[in-house]
Structure formats: structure tokens, C-alpha cells
Amino acid sequence: MRLKGKTALITGAARGIGAAIAQAFCREGAFVYLTDIDEAAVRQTAAVLGDGASALHLDVRDEAHWQAATTRVLAERKALNIVVNNAGITGFESGMVAHDPEHAELAHWRAVHATNLDGVFLGCKHAIRAMRQSGSAGSIINISSRSGLVGIPAAAAYASSKAAVRNHTKSVALYCAEQGLPIRCNSIHPAAILTPMWEPMLGSGQEREANMREFVRDCPLKRFGTPHEVAAVALLLASDEATYMTGAELNLDGGILAGAVAAPNADH
Ligand code: NDP
């Protein structure tokens, strides 16, 4: 029961990594608000978790949604201790549009940043305000990505938005410390975690097997990670075991970033 007595809010919790984090937090005794843009789906996910969970409709891009959600949490639970800014999109949800620096459309660039970066900015802002208001110690966990640490030419907006999340996490951590608030803020940088987010990129049938192999070719552990492996790290950051950790970034990538695969071609 590492989170006993704590209240958590998780964005994008209907499925994938967010749902796994919600499950882990409930198991460890927290009361968890699962939030998502897909209200029906998040209700279903929360229902399975029983009395320790509640579902809320929250589009992370909409500040009014954040205001309503945090007001409700404080009214119902008196405190908010943990916020996980997990909701994110790749930009490929409705098809393989161009996301390289030369051909990407401004509207597509902005759409990715609206969810991945504006959503995290709003999540941190309203987490700090709610935690300050209730006088509770808090942990804000931002889900960035390996893609926020390296360039990704084919998904430039995604990489840019995740790099900004990494940096904003440190600003939030320092701001809270300067303010004397007992609020920590850290980022997690996963890579290749098998969730529905990958579906548009994996295809089906034999092509799917080949694509899966290709995606983990440069991963030292030669496999996709699981949402539960990300949840385990989020649990550590959320708990009082991590009270001296703030402004930190934790990679969770099967060792990908431990080496360099961008070696020049031997022929050149
Ligand atoms: P999924 O696509 O499986 O789940 C994301 C959830 O967020 C979906 O339920 C989605 O709803 C929801 N969502 C999308 N837009 C919004 C919004 N504006 N407001 C609220 N909820 C929204 O993703 P993952 O679980 O794979 O990823 C979770 C996080 O982890 C993301 O930030 C992602 O970038 C990051 N990450 C994932 C990696 C991976 O390999 N899976 C690697 C590195 C980072 P809907 O389905 O209706 O769109």
C-alpha cells in the first residue's frame, strides 16, 4: 500500500500506459481519477478498478476541463497528491501524414503540440494550484518520451513536443522548490511500449510481425516494453520513496539510449 491515503489524477487513462498506471496506483491504495477525452472508454476502464477509482471526461487541451476536474477532486477528496500528465498523440492517429521538417503542415504540427505540450502545461498549472490550495504534498509526473531526447525526422512535432515536456518538467520542479511548495515534478521517457498507440504504425498480418521486429531492432533488450513496466516507475515517483527526486528524468527504453546507433555507413 505505497500510496495509501493519496488521491491521484491521470490523463489519457482509458487505455495503454495511463490505464496501467491507474491500475498500479489503485492496487497500492490510492484513490484514482481516471480521465480521458474518450468518456465512454475511460468509464469502462475505471469500472473494472472498483471503489477506489472514478472516471472523468477531461480533454487536456481545454483549460475549462482542468478547472472543473480539479474543483471536483478537491470537493470530493479534499486533496490532490499526484497528477500524471500521460495523454499524448503521435500525429499519426488518423493516417500516415507527413511529419518531417520539410513537408509537415502547420495545422498538424500545432495539433500534436496542443495535446502533448499545452496539455502538460495546463496539467502542471492546475496540479500546482490544487495542491497549493489543499496544502498537500504532491508529485507531478510527466510522460515524455525517448523521442524528446533525440531527433526524429519522420515525427518532428512529436519529438519537439516531448523535448519541451522534458524542459518544462524542470521549470515546474524549480518553481515549486522556489515557492517552498512540497511538490515534486519529474519526467519519464519511455520508448517502444506496446500499446494501442502503435497500431497505426504496425499494420496487420505478416507485415505486422516484420514491423514489430524492425521497431525493436536497435533495442538492446530486443523487445517492446509493457505498460506495466512504465507504471512501476510512475509508482516509485508518486510514492514517498522518491521524496528527494525532483526535476529528474528517467529513461525506460530497454537500453536504447545507452548506446549510439547513428554510426556512419561503412561505405561513406
Ligand atoms: P495510447 O494512444 O494507447 O493512449 C493514450 C490515451 O490518451 C488514449 O486513451 C487517448 O484517447 C487519450 N487522449 C488523446 N488525446 C487526448 C486529449 N486531448 N485529452 C485527454 N486524453 C487524450 O498511448 P500510450 O499509452 O502508448 O501513451 C501514453 C503516453 O506515453 C503518451 O504521452 C505517449 O506519447 C507516451 N509514450 C508512449 C510510448 C509508447 O511506446 N507507447 C513511448 C514513449 C512515450 P483516444 O484513444 O480517444 O485518442
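The values are calculated or read from the model by the stated rules, or taken from the named source; none is laboratory data. The structure displayed is predicted, hence computed values, not measured ones. Every residue, glycine as well, gets a Cβ built from its backbone with ideal geometry; the counts of neighbours run over all protein chains shown. Side chains are part of the model used for accessible areas, which takes the heavy atoms of the whole protein and leaves out ligands, DNA and RNA. Shrake-Rupley method; radii C 1.70, N 1.55, O 1.52, S 1.80 Å.
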- Query: In the set ARG72, ARG166, which member is open to solvent by 70 Å² or more (accessible area, probe 1.4 Å), within 15 Å of the ligand (Cβ to nearest atom) and either part of a helix (DSSP H, G or I) or aromatic (Phe, Trp, Tyr) (or both)?
  - Reply: ARG166
- Being open to solvent by less than 40 Å² (accessible area, probe 1.4 Å), of a type in the set (A, V, I, L, M, F, W, C) and modelled with pLDDT under 95 narrows LEU202, LEU181 down to just LEU202
- If only one of SER144, SER136 is modelled with pLDDT under 95 and not acidic (Asp, Glu), which one is it? SER136
- Taking the stated definitions as given, is HIS57 under 16 Å from LYS125 (Cα atoms) and free of Cβ contacts under 8 Å to residues at least 24 places away in the same chain? no
- Message: Going through GLY151, GLY91, GLY119 one at a time, which residue ends up being modelled with pLDDT of 95 or more and at positive phi?
- Response: GLY91
- Note on the structure: Restricted to region 182-208 and to residues being out of contact with any Asp or Glu (no Cβ under 9 Å at 6 or more places or on another chain) and of a type in the set (Ser, Thr, Tyr), the residue nearest to the ligand (Cβ to nearest atom) is THR195
- Query: Do we find a residue being touching a strand residue (DSSP E or B) at 6+ places or on another chain (Cβ under 9 Å), modelled with pLDDT of 95 or more and open to solvent by 30 Å² or more (accessible area, probe 1.4 Å) anywhere in region 155-163?
  - Reply: no
- Task: With the condition kept exactly as written, say whether any residue in region 96-113 is closer than 15 Å to ASP62 by Cα, under 18 Å from the mean Cα position of the chain (by Cα), near the ligand (Cβ under 9 Å from one of its atoms) and outside any loop (DSSP other than H, G, I, E, B).
- Result: no
- Message: Suppose the filter is more than 12 Å from the ligand (Cβ to nearest atom) and open to solvent by 20 Å² or more (accessible area, probe 1.4 Å); does ALA137 pass it?
- Response: yes
- How many residues does region 105-122 hold that are out of contact with any helix residue (DSSP H, G or I) (no Cβ under 7 Å at 6 or more places or on another chain), of a type outside the set (A, V, I, L, M) and buried (at least 16 other Cβ atoms within 10 Å of the Cβ)? 3
- Out of the residues in region 10-48 that are assigned to a strand (DSSP E or B) and without any contact (Cβ under 8 Å) to a residue 60 or more places away in the chain, which is most open to solvent (accessible area, probe 1.4 Å)? PHE31
- Query: Out of the residues in region 49-69 that are open to solvent by 30 Å² or more (accessible area, probe 1.4 Å), of a type outside the set (Asp, Glu) and touching a helix residue (DSSP H, G or I) at 6+ places or on another chain (Cβ under 8 Å), which is farthest from GLY119 (Cα to Cα)?
  - Reply: GLY50
- When both residues are 6+ apart or on different chains and their Cβ atoms are under 8 Å apart, which pairs have a first residue that lies in region 84-102 and is closer than 13 Å to ILE17 by Cβ, and a second that is within 16 Å of the ligand (Cβ to nearest atom) and among the basic types (Lys, Arg)? GLY88/LYS162
- Task: Can you tell me which residue among ALA127, ALA191 is at pLDDT 95 or above, buried (at least 17 other Cβ atoms within 10 Å of the Cβ), closer than 20 Å to GLU63 by Cα and out of contact with any Pro (no Cβ under 6 Å at 6 or more places or on another chain)?
- Result: ALA127
